[in-house]
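First comes the structure, then the notes that go with it.
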């Protein structure tokens, strides 16, 4: 019977038991164990990989769950970030601290607990990369789920702004999470520097922003800001006078009569006016939003004339909300409340103006079937020109905003050239005659002509869509150009907070051949 028994961990093989009649050195036990070790089966490797990925996600899930239990979405966000931020701070501090004062890795403390729970321990760089990827995906999923809510409900504008910026391009952030984490882990182990790993994570995350453009605050963020400002004004005693509000809406109904409006002929608009003139409802931001949605419902009527009248009503409604006379507002003697009221109306105005262009994009998708030759681009161009020529609607915009609208309606020379060439794309029976005839006459000329015209049409459509998206962002920022590449910052930050799994000094020396 063997007198000595040794348990040896062999990377890729697991824990091996070696029995011997004589005492062995650690190196001898390792060599005997490795010689007789049997590699894991594919099924065992799959189960082990799933366990290691779970090991990576578990701390994030636990932190987020506890945070959600005690503090809602903000707590869930803080809990999911607690361990990565603690590790990042520890590694940064250890760069300048003397060897005797080095701070233990927070991840190392958590690792011991996870081992006690029975989760498999990663043995190789590849397995630690899997664990890092599991943590990154779990963290990104949790954070991206909570950030939109925080962007709406944060008590400070700074908090709402930061949450809104970190929530941009959620799909790209989720896609970047695992690659950034694995790059950070690999770099840490091959260089022996966790700081180098953090830099590698940032560099890996940044390219996922390719093709994105600067964007302004989302509609949801503006709506949250307007709600908070209107509530602050309401608490200060400032609000719309329901009676004056009702009278103003009644005058709009009278004016629409000149446009052909009659209550019996247009039931959806009649229903909207019934709500607009109800003096029993307080006209806070929630009610204003509800009223606007009712008007938008009339805009979706199957009756073309009712849609036109509803559009006029919505423009008049928005103009009133933004420019209402002081006599229509109660409590204007409170300076604090007046400031909140002005902020609320400014935010509402920005949101309302941006909605004009969001609706253009939505209409372009609905109108595609009507424009078989140039598709959505023609619809968007027509809507821009119609807006630019509509003097009443253009009054809603500032001089600078009107200039941007006219420039977008006119289009750049490159855009118009692409649009002209795109008319020869084979998208319908008529438009296919020229390229089809050219292909029959000379395929070497006709095929490149058809492909080039199709590419030009797609390019013109993309440029037109981008110009409308830029107008929406221009309105949401209050006439300021959006800050450059917030998506890049968010994706680099995603790489920075990618979790790195701790590696012992002995493992680092072995990996580096020291």
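Each value in this text was obtained by applying a stated rule to the coordinates, not by laboratory testing. Computed from a prediction, not measured in an experiment: that's the story for all the values here. All Cβ positions, even for glycine, are placed from backbone atoms using ideal geometry, and neighbour counts span all protein chains on display.
Going by average Cβ density within 10 Å per residue, which order do the peptides 236-247, 324-335 take, highest to lowest? Please report the intermediate quantities before stating the final value.
Numbers: 236-247: 17.7, 324-335: 12.9.
Ranked by mean Cβ neighbours within 10 Å, highest first: 236-247, 324-335.
Applying a 10 Å radius around every beta-carbon, put 83-90, 353-360 in order of their mean neighbour count, most first.
353-360, 83-90
Could you tell me whether region 240-329 comes out rounded, prolate or oblate from its Cα gyration tensor? Rule is a ≥ b ≥ c as square roots of the eigenvalues, rounded for a/c under 1.5, then prolate if a/b exceeds b/c, otherwise oblate. Prolate is the answer for region 240-329, as a/c is 1.5 or above and a/b outweighs b/c.
Does region 90-152 come out rounded, prolate or oblate, given a ≥ b ≥ c as the square roots of the eigenvalues of its C-alpha gyration tensor, rounded meaning a/c under 1.5 and, failing that, prolate meaning a/b above b/c?
Values: a/c = 2.25, a/b = 1.26, b/c = 1.79.
Oblate.
From most to least packed by mean Cβ count within 10 Å, the peptides 58-67, 279-288 give 58-67, 279-288.
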